[in-house]
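Before any comments, here is the structure.
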Amino acid sequence: MFLKNEVGALILRVTLGAIFLIHGIVKFQGGIENIVGWFSSIGLPGFMAYAVALIEIIGGIALIIGLGTRIVSALFSILMIGAILKVKLSVGFLGNGQMAGYELDLGFLAIAVFLVISGSKLISIDQFFSKKDSNEIKKAA
């Protein structure tokens, strides 16, 4: 049972990491200044666009390799709560035909919260920092 949970957490961790990594890269490729302007237009400081994009890129890579899974997932949870409350909540769960709703953000939030609670040590750098969990994974395999 332990190994099944770890495999599931690994899949969620790598998937969420890849999604955030790609979102962060796209922010820079599409012109980060456009994101800065959009942030300003919704009442957020423009410099936060850089912070969000960097958290998505660095955090995405960290999740993929399993480094600081709980901390990065907590940061992603904060980003998702902010996105839902500041941008998506007003357009509804499924959106308004012009903008997507918060259903996907809620799914990402759920995954991130799960990873905060459970962590994910299988095939991760984190496993080297916790001998107890590393030994449990080896025994389960």
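Against the definition (among the β-branched types (Val, Ile, Thr) and more than 18 Å from Ser77 (Cβ to Cβ)), how does Ile22 come out, yes or no? It is true that Ile22 is among the β-branched types (Val, Ile, Thr) and more than 18 Å from Ser77 (Cβ to Cβ).
In the stretch 23-43, is there at least one residue being in contact (Cβ under 8 Å) with a residue 60 or more places away in the chain, surrounded by fewer than 18 Cβ atoms within 10 Å (Cβ to Cβ) and under 30 Å from Phe129 (Cβ atoms)? Scanning the stretch 23-43 turns up no residue that is in contact (Cβ under 8 Å) with a residue 60 or more places away in the chain, surrounded by fewer than 18 Cβ atoms within 10 Å (Cβ to Cβ) and under 30 Å from Phe129 (Cβ atoms).
Within the bounds of the stretch 61-73, is there any residue that is modelled with pLDDT of 95 or more and more than 16 Å from Leu21 (Cβ to Cβ)?
yes
When we screen Gly107, Gly46 for residues that are among the small types (Gly, Ala, Ser) and assigned to a helix (DSSP H, G or I), the only hit is Gly107. Residues of the stretch 1-44 that are charged (D, E, K, R) and over 12 Å from Ile111 (Cα atoms): Lys4, Glu6, Lys27, Glu33.
Checking the stated criteria, Glu33 turns out not to satisfy the condition of being touching a helix residue (DSSP H, G or I) at 6+ places or on another chain (Cβ under 7 Å), of a type in the set (Asp, Glu) and more than 20 Å from Glu6 (Cα to Cα).
Rundown of residues vs (1) at negative phi; (2) under 10 Å from the mean Cα position of the chain (by Cα); (3) part of a helix (DSSP H, G or I); (4) touching a residue at least 60 places away in the same chain (Cβ under 8 Å), yes/no style:
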site: Leu10; (1), (2), (3), (4): yes, no, yes, yes
site: Val52; (1), (2), (3), (4): yes, no, yes, no
site: Ser90; (1), (2), (3), (4): yes, no, yes, no
site: Gln98; (1), (2), (3), (4): yes, no, no, no
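Criterion applied to Ala83, Ala18 was being aliphatic (A, V, I, L, M), under 30 Å from Ile125 (Cβ atoms), touching an Asp or Glu at 6+ places or on another chain (Cβ under 9 Å) and in a helix (DSSP H, G or I), and the one residue passing it is Ala83.
The values are calculated or read from the model by the stated rules, or taken from the named source; none is laboratory data. All figures in this text were calculated on a predicted structure; none of them were measured in a lab. Glycine gets a Cβ as well: all are built from the backbone with ideal geometry, and neighbour counts include every protein chain shown.
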